[in-house]
Number of protein chains: 2
Amino acid sequence: MDIRARKIYEALFALEDLREIFRHALPTGLNDNEEEQFLDGVARVETIIKELKEGKGSPLKYVEDTIELRTREEEYININAIQPGGRLTPEARKALITYGDGYSICDKCLEGRLDKIRKPPVDEFHAELAEFVGMDEARVVPGARRGFQAVASSLLERGDVVIVSDLAHYTEFLAVENVGGVIKEVPSGEKHIITGDAVAEKIELVKKELGRLPKLIIIEHFDYQFGNEHDVHGVGKVAKAYDIPFLYNGAYSVGMVPVNGKKIGADFVVGSGHKGMAAVAPSGVLATTDEWAPKVFRGSEIVGDVSDRTFKHKEPEMLGCTLMGGTLLSMMASFPRVKERVKRWEEEVEKSNYFIREFLRIEGNKILSEYPRKHTLSKVDTRNSFDKIAKTHKRRGFFLSDELKRRGIVGEFAGSTRVWELNTYGLNWDRIKYLSEVFIEIAGKYEMPVG
Amino acid sequence: MDIRARKIYEALFALEDLREIFRHALPTGLNDNEEEQFLDGVARVETIIKELKEGKGSPLKYVEDTIELRTREEEYININAIQPGGRLTPEARKALITYGDGYSICDKCLEGRLDKIRKPPVDEFHAELAEFVGMDEARVVPGARRGFQAVASSLLERGDVVIVSDLAHYTEFLAVENVGGVIKEVPSGEKHIITGDAVAEKIELVKKELGRLPKLIIIEHFDYQFGNEHDVHGVGKVAKAYDIPFLYNGAYSVGMVPVNGKKIGADFVVGSGHKGMAAVAPSGVLATTDEWAPKVFRGSEIVGDVSDRTFKHKEPEMLGCTLMGGTLLSMMASFPRVKERVKRWEEEVEKSNYFIREFLRIEGNKILSEYPRKHTLSKVDTRNSFDKIAKTHKRRGFFLSDELKRRGIVGEFAGSTRVWELNTYGLNWDRIKYLSEVFIEIAGKYEMPVG
């Protein structure tokens with residue numbers, strides 16, 4: 001293992017110790033004791049940089065006592081299903097270094113409204129964010145789930161019906177459950193794809209059964225299980241026809257796939273910062289149209305009976321400010337790159353298909369997602385290939401993880417040799433090809449037929 | 001200005017660029033091109049370290065195009081009212097460097113439950129967190145406000161009455177507003193202090209007026225306006241007597257002041273990560289008793305009508321997982337120091353009083369908070385001192401900010417020379433004394449009488 005990645009961490013940490021000296025010093029300068037600490041600290045950094053250059057020294061293992069260093073992005077290729085879109089850009093990591101402190105974003109907050117801060121340009125970012133997803137107004141939220149929650153809480157009364165996919169993420173269910181709503185799932189059928197027609201049929205069924213129309217439709221562009229593309233344009237048309245608001249769940253698209261909410265016919269677009277926008281968790285975006293903004297982003301109307309206080313400029317569904325520090329800054333700092341990367345989505349899909357094609361050369365390997373792939377997240381079935389080896393291997397199901405890890409691949413759940421998910425998002429061609437070869441190589445080692 | 005703090009940032013950023021090389025390389029090692037990039041990068045780091053050592057070179061100003069470097073903790077003394085408790089510890093900054101990536105905490109999530117992850121030890125942290133605030137069970141939440149929301153959403157029906165202080169934070173109002181609750185404020189009176197008796201009186205008034213008891217009491221230990229200490233023990237007794245659940249709002253105490261929820265008689269303790277626990281925003285804690293945990297942390301009961309899916313192990317009020325990355329890791333990494341620092345709360349109060357005492361030597365300066373101080377957040381009135389100067393100064397109200405900034409003090413809102421708040425939390429004695437002298441010095445400069 002190359003020691004250098006860990007030496008970089010060590011140097012970063014040593015610099016943070018140096019930085020700490022300034023955080024306790026007087027603005028007039030360091031005192032003698034602090035100067036001494038400073039020189040010792042610099043000497044330590046120099047030693048580490050020397051080791052880094054030479055690739056020598058002992059490897060750092062812990063941030064502190066109980067928290068292990070996390071090096072899976074530097075020392076391995078990470079094929080985890082949910083992590084790649086949230087991998088930070090270098091700009092986000094830098095922004096985080098400087099804006100990590102709690103309420104760091106509030107230095108120049110003049111109106112008590114996060115989305116109106118001009119330095120750093122949070123207001124501008126909000127405007128661009130709305131445009132980026134093809135909507136009129138946007139707010140940042142602590143995760144896509146908090147976007148579902150805000151919409152569910154604004155639009156639904158107890159007993160109201162919400163249409164979701166039978167592949168819907170659990171957070172959609174919970175957001176509806178919290179307000180006493182009723183979930184009705186659209187069947188995705190044998191192909192595991194939601195169509196506009198299937199949504200229309202379900203609406204009709206609800207109408208017939210319960211005598212009322214659903215109050216909200218939530219459908220994901222790509223689901224979390226198969227990474228299949230669902231006909232959100234078709235759903236948009238059906239939603240319009242029935243005049244039911246449509247929340248486009250872009251947790252697996254916003255920040256990776258080009259998204260234009262209005263063209264899709266969405267009333268709400270929800271995206272995830274930590275799943276798709278190279279940001280710190282929990283973060284996300286809720287965008288809507290001029291029609292719905294006054295409802296979901298309405299100002300507070302409550303009044304204190306003694307103090308007479310009102311909070312009209314605070315938005316109850318946002319609970320006022322949402323991401324007041326590093327989370328937001330990481331989103332903002334990654335945003336220029338995120339805007340560029342969505343333009344290269346086709347190439348991401350091409351790489352995904354390249355890998356799956358190679359993967360399917362191993363006899364018995366199956367793809368459960370739609371194929372050719374339209375996304376980088378895929379569900380594979382290795383029951384008739386790697387799992388056969390697992391049955392007699394002394395490490396059982398762990399043999400595949402062992403073999404992968406030995407070759408620098410992590411991210412699948414250890415012990416998974418049956419049905420599992422992986423994601424190739426953001427891997428460059430060299431990594432994609434290497435990853436493909438690794439699977440073929442492991443198959444070869446166990447004398448599994450490769451076509 | 002000492003250039004060295006900015007040189008530290010520059011070195012940190014250059015190391016992040018180096019780190020990025022490994023994030024795209026093969027696990028087998030860098031290729032020739034990458035090795036070349038690596039050597040160039042190391043050379044850049046070395047140059048910066050040399051400049052750092054010598055205190056030379058040009059100062060870095062931006063993270064990227066539009067995001068300015070934030071150096072107020074390194075180059076200034078920050079007396080902002082809400083920021084000091086959320087200032088990151090060096091351990092938190094290191095944890096953030098390694099766990100910044102989106103879903104970084106999920107590498108070894110085996111049960112689909114954040115609070116059950118064992119590596120890093122999130123489960124242990126949750127247990128310690130509950131103990132730390134003297135309660136039975138705890139969950140991390142995206143800010144104290146999300147704790148209020150979870151409790152309000154669990155306990156209240158439309159029209160239910162909630163007792164808060166007339167100094168209550170707006171987020172308590174919004175959490176209640178969202179579920180259609182009714183706010184009734186307890187008057188804090190001339191002393192701006194909430195007593196148990198005042199709470200009891202208000203409960204009686206509600207009973208008389210509306211014919212029903214309130215469903216929840218939310219009172220802060222220290223309020224955000226005056227930083228006054230409210231009689232939470234007294235409130236706890238009254239709550240017990242009326243059998244009304246009591247939410248102790250510890251946004252200005254948890255992580256700074258020793259807190260024992262059960263001793264106080266609280267049913268819920270809410271704290272803020274970014275306000276009091278040296279963590280990235282948005283973060284916080286919601287803790288409760290074994291009695292209330294099954295209600296607020298209940299499992300999901302919703303069922304998919306087509307898929308038959310259930311999510312019993314997911315908690316609807318948490319919307320499943322809450323802080324899946326850097327936010328949580330920053331809380332965890334700061335926690336050992338946070339546990340220690342609450343033991344030194346008395347000294348923080350002592351420093352606060354030292355500063356206020358000196359501040360009051362300037363004729364006309366007033367303290368609006370209770371005095372002697374019991375907290376580090378204080379509300380001061382400078383209408384009869386600095387604001388008199390402001391009236392004829394060419395920079396008007398900005399003169400004080402200018403004078404402070406020139407001496408390395410920031411954090412008050414620029415232009416505030418009338419009634420404003422400041423916070424001395426976490427400043428060491430050297431900084432406290434320097435800060436005190438600065439105000440006296442400015443008063444002297446403008447020939448204001450100093451006693």
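Each reported figure results from applying straightforward, stated rules to the coordinates on display, with no laboratory input. Just so it is clear, the model here is predicted, and its values are computed rather than measured. Quick reminder, even Gly has a Cβ in these numbers, built from the backbone with ideal geometry, and neighbours come from all protein chains shown.
Under the rule a/c < 1.5 gives rounded, and otherwise a/b versus b/c splits prolate from oblate, where does the stretch A:136-226 land using the Cα gyration tensor?
Working: a/c = 1.91, a/b = 1.17, b/c = 1.63.
Taking the square roots of the gyration eigenvalues as a ≥ b ≥ c, the stretch A:136-226 is oblate.
Over the whole of A:157-167, what's the average partner chain Cβ count within 10 Å per residue? Rounded to a whole number, please. Please list the in-between numbers first.
Numbers: counts 1, 2, 0, 0, 0, 0, 0, 4, 3, 6, 4.
Taking all residues of A:157-167 together, the mean is 2.
Quickly work out the A:ASN428-to-B:GLU350 label distance, labels modelled 7 Å from Cα along the C-beta direction, and quote it in nm with one decimal.
For the pair B:GLU350/A:ASN428, the computed spacing is 5.7 nm.
Across peptide B:306-312, what mean number of C-beta atoms from other chains lies inside 10 Å of a residue's C-beta? Before the final figure, lay out the partial values.
Numbers: counts 11, 9, 2, 7, 2, 5, 0.
That works out to 5 on average.
When the helices in chain A are scored as -39500 (n - 2.57) per DSSP H run of 4 or longer and the sum is shared across all residues, what 222 nm value do you end up with, to the nearest 500 deg cm²/dmol? Show your work: numbers first, answer last.
Values: 17 runs with 192 residues, N = 451.
Mean residue ellipticity, 222 nm, calculated: -13000 deg cm²/dmol.
Between the stretch B:352-389 and the stretch B:73-132, what is the C-alpha centre distance in whole Å?
35
Roughly what % antiparallel, to the nearest 5, for the DSSP beta bridges in chain A? Spell out each step's value before the answer.
Working: 23 of 40 bridges.
Close to 60 percent.
Find out how many positive minus negative residues lie around B:GLY102, taking Lys and Arg as positive, Asp and Glu as negative, among other residues whose Cβ is under 9 Å from that of B:GLY102.
Details: positive: A:ARG87, A:LYS275; negative: B:ASP101.
Taking every Cβ under 9 Å from that of B:GLY102, the sum is +1.
Classify chain A as rounded, prolate or oblate, taking a ≥ b ≥ c as the square roots of the eigenvalues of its Cα gyration tensor: rounded when a/c is under 1.5, otherwise prolate if a/b is larger than b/c and oblate if not. It would help to have the intermediate numbers written out before the result.
On the way: a/c = 2.36, a/b = 1.08, b/c = 2.18.
The shape class here is oblate.
Which percentage, to the nearest 5, of the DSSP beta bridges contained in the protein assembly as shown is antiparallel? The partial results should precede the final answer.
Numbers: 46 of 80 bridges.
Bridges in the protein assembly as shown that DSSP calls antiparallel: roughly 60 percent.
Given +1 on the Cβ of Lys and Arg, -1 on the Cβ of Asp and Glu, and no further charges, what dipole in debye does chain A carry about its Cα centre, rounded to the nearest 20? Show your work: numbers first, answer last.
On the way: 66 positive and 72 negative charges, 230 e Å.
Value, rounded to 20: 1100 debye.
Do any GluC sites (Glu not before Pro) in the stretch A:393-451 lie in a loop, going by DSSP, with at most 12 other beta-carbon atoms within 10 Å of their beta carbon, and if so which? Can you show the working numbers first?
Details: sites: A:GLU403, A:GLU412, A:GLU421, A:GLU437, A:GLU441, A:GLU447; in loops: A:GLU412, A:GLU447.
Those that pass, being in a loop and sparsely packed, are A:GLU447.
Using the membrane-span-like helix rule (whole DSSP H runs, Cα extent along the own axis of at least 18 Å, mean Kyte-Doolittle hydropathy at least -1.0), which helices of chain A qualify? Kindly include the intermediate steps, with their values, before the conclusion.
Values: long enough: A:4-24 (31 Å, -0.43); A:32-54 (33 Å, -0.82); A:196-210 (21 Å, -0.13); A:326-341 (22 Å, -0.03); A:345-359 (21 Å, -1.21); A:429-445 (24 Å, -0.01).
Once both thresholds are applied, what remains is A:4-24, A:32-54, A:196-210, A:326-341, A:429-445.
How about the stretch A:256-354: which GluC sites (Glu not before Pro) there are in a DSSP loop, with at most 13 other Cβ atoms within 10 Å of their Cβ?
Values: sites: A:GLU291, A:GLU301, A:GLU317, A:GLU340, A:GLU346, A:GLU347, A:GLU348, A:GLU350; in loops: A:GLU291, A:GLU301.
When the GluC sites (Glu not before Pro) of the stretch A:256-354 are filtered for loop state and at most 13 Cβ neighbours within 10 Å, A:GLU291, A:GLU301 remain.
Between the stretch A:12-37 and the stretch A:212-234, how far is it from one alpha carbon centroid to the other, in angstrom?
So the separation of the two Cα centres works out to 53 Å.
For the protein assembly as shown, just say rounded, prolate or oblate: build the C-alpha gyration tensor, square-root its eigenvalues into a ≥ b ≥ c, call rounded for a/c under 1.5, and beyond that prolate if a/b exceeds b/c, oblate if not. Let's see the in-between values first.
Working: a/c = 1.91, a/b = 1.22, b/c = 1.57.
Taking the square roots of the gyration eigenvalues as a ≥ b ≥ c, the protein assembly as shown is oblate.
List the distances, in nm to one decimal, from the label point of B:TRP429 to the label points of the same position in every other copy, shortest first, placing each label point 7 Å from Cα along the Cα-to-Cβ direction.
In ascending order, 6.6 nm.
Taking beta carbons within 10 Å but only from partner chains, what does the mean come to for residues B:41-52?
Numbers: counts 2, 7, 1, 0, 7, 4, 0, 1, 6, 2, 0, 6.
The mean count of partner-chain Cβ atoms within 10 Å per residue comes to 3.
Between A:ALA241 and the same site in the other copies, what are the distances in nm, shortest first, taking label points 7 Å from Cα along the C-beta direction?
Copy-to-copy label distances at A:ALA241, shortest first: 6.5 nm.
I need the GluC sites (Glu not before Pro) found in the stretch B:85-150, filtered to DSSP loop residues with at most 16 other beta carbons within 10 Å of theirs.
B:GLU111
So what are the three principal axis dimensions of the stretch A:2-61 from its Cα atoms, in whole Å, longest to shortest?
In descending order, the Cα extents are 42, 15, 14 Å.
Which of the lysines could be linked to B:LYS263 by a straight reach, that is with a Cα gap under 16 Å, when you skip same-chain ones fewer than 8 residues away?
Excluding near neighbours in sequence, the set is B:LYS237, B:LYS240.
DSSP beta bridges in the stretch A:108-324, what fraction antiparallel, as a percent rounded to 5?
Details: 12 of 27 bridges.
Counting only bridges with both partners in the stretch A:108-324, antiparallel ones make up about 45 percent.
A:GLU204 label points, 7 Å along Cα→Cβ, one per copy: pairwise distances from this copy to the rest in nm, shortest first?
For A:GLU204, the other copies' label points sit at 6.6 nm, shortest first.
Determine which chain B residue has its Cβ at minimum distance from the rotation axis mapping B onto A, giving the value in whole Å.
With distances in whole Å, chain B gives B:PRO142, 2.
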